[in-house]
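The values are calculated or read from the model by the stated rules, or taken from the named source; none is laboratory data. Keep in mind it's a predicted model, so treat the numbers as computed, not measured. For neighbour counting, all protein chains shown are included, and Cβ atoms are generated from backbone atoms with ideal geometry for every residue, glycine included.
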Amino acid sequence: MLNIVRLTCYSILITLMFGSLNIQAQDSNIVKESFKVWGNCEMCKTTIEKAVKPIDGIISGKWKMTAGKMVVKYDKSKTSLVEIKKAIAAVGYDTEEYRASDDTYSKLHHCCQYERPK
């Protein structure tokens, strides 16, 4: 009887150890990054944040209007910062590395048309 209890305890301990290793491995893929995104207003904020939501691996994405900074938290095993920045450029907003097409930018509401970097 005592051996069965010990075996059960060891089994539970081993299961918990491997479970925590799996959780740590998943957590190591979660990263938080911030980067510059040009924009002007609350409408820009909505469009920029909405652009990253459908990307697989995105946990959160917030554009801080006063600072002009996008803060994203994502699973790097599912997406990359490059893909996130390209998605933002695709809806008309420039980052330091990716520029929105002139056509897409020109379709932004007039209040959202910021002074573009050269």
(request) Pick out the one residue from 93, 98 that is among the hydroxyl-bearing types (Ser, Thr, Tyr) and in contact with a Cys (Cβ under 9 Å, 6 or more places away or on another chain). (result) 93
(message) Just to verify a result, which residue in the stretch 23-40, among those that are touching a Phe, Trp or Tyr at 6+ places or on another chain (Cβ under 9 Å) and not polar (S, T, N, Q), is surrounded by the most Cβ atoms within 10 Å (Cβ to Cβ)?
(response) 37
(request) With respect to residue 46, determine if the residue is at pLDDT 95 or above and crowded, with 16+ Cβ neighbours inside 10 Å. (result) no
(message) Could you check the stretch 59-85 and list, in sequence order, the residues that are part of a strand (DSSP E or B) and among the hydrophobic types (A, V, I, L, M, F, W, C)?
(response) 59, 63, 70, 71, 72
(message) Which residue is farthest from residue 30 (Cα to Cα), if the candidates are limited to the stretch 82-110 and must be hydroxyl-bearing (Ser, Thr, Tyr) and surrounded by 19 or more Cβ atoms within 10 Å (Cβ to Cβ)?
(response) 105
(request) For residues that are surrounded by fewer than 17 Cβ atoms within 10 Å (Cβ to Cβ), within 25 Å of residue 113 (Cβ to Cβ) and in contact (Cβ under 8 Å) with a residue 12 or more places away in the chain, tally how many sit in the stretch 59-81. (result) 5
(message) On the basis of being out of contact with any helix residue (DSSP H, G or I) (no Cβ under 9 Å at 6 or more places or on another chain), assigned to a loop (DSSP other than H, G, I, E, B) and either of a type in the set (D, E, K, R) or exposed (fewer than 15 other Cβ atoms within 10 Å of the Cβ) (or both), does residue 56 make the cut?
(response) yes
